[in-house]
Amino acid sequence: MAKDVLCDVDSCKYWVKGNRCDANEIFVTSHVPEAETVKETDCQTFERR
């Protein structure tokens, strides 16, 4: 598992200085049965600040 998760969505409550994600866990999902591009995925961990 990655030690550092980078995030540039500073409107998320888990965003911290240095473009880091401070969430205890990350949940990523897709819009299609088998994702092939970045646009077909989303971070479901996002919560508005």
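The values are calculated or read from the model by the stated rules, or taken from the named source; none is laboratory data. Source: prediction; values computed, not measured. Don't worry about glycine lacking a Cβ; one is built from the backbone with ideal geometry, like all the others, and counts go over all protein chains shown.
Which number in (1) modelled with pLDDT of 95 or more; (2) more than 13 Å from the chain's Cα centre (by Cα); (3) exposed (fewer than 12 other Cβ atoms within 10 Å of the Cβ) marks the one condition that Asp10 misses?
The number of the failed condition is (2).
Within segment 15-32, work out how many residues are farther than 16 Å from Ala2 by Cα and surrounded by 14 or more Cβ atoms within 10 Å (Cβ to Cβ).
Number of matching residues: 1.
Would you tally the residues in segment 11-32 being part of a loop (DSSP other than H, G, I, E, B) and without any contact (Cβ under 8 Å) to a residue 24 or more places away in the chain? Step through it out loud before you land on a result.
Pass one, segment 11-32, residues part of a loop (DSSP other than H, G, I, E, B): 11, 13-14, 17-19, 22-27, 31-32.
Restricting the remaining residues to those that are without any contact (Cβ under 8 Å) to a residue 24 or more places away in the chain gives 17-19, 22-27, 31-32.
Of the residues in segment 11-32, 11 are part of a loop (DSSP other than H, G, I, E, B) and without any contact (Cβ under 8 Å) to a residue 24 or more places away in the chain.
Look at Ala35 and say whether it is surrounded by fewer than 10 Cβ atoms within 10 Å (Cβ to Cβ), assigned to a loop (DSSP other than H, G, I, E, B) and more than 9 Å from the chain's Cα centre (by Cα). Write out each step before concluding.
Working: surrounded by fewer than 10 Cβ atoms within 10 Å (Cβ to Cβ): no; assigned to a loop (DSSP other than H, G, I, E, B): yes; more than 9 Å from the chain's Cα centre (by Cα): yes.
Spelling it out, it is not the case that Ala35 is surrounded by fewer than 10 Cβ atoms within 10 Å (Cβ to Cβ), assigned to a loop (DSSP other than H, G, I, E, B) and more than 9 Å from the chain's Cα centre (by Cα).
If you take the residues of segment 38-49 that are part of a strand (DSSP E or B) and not acidic (Asp, Glu), which of them is surrounded by the fewest Cβ atoms within 10 Å (Cβ to Cβ)? Outline the logic, then answer.
Restricting attention to segment 38-49, the residues satisfying the condition of being part of a strand (DSSP E or B) are 41-43, 48.
From the residues that got through so far, the ones that are not acidic (Asp, Glu) too are 41, 43, 48.
Values: Thr41: 14, Cys43: 16, Arg48: 7.
That would be Arg48.
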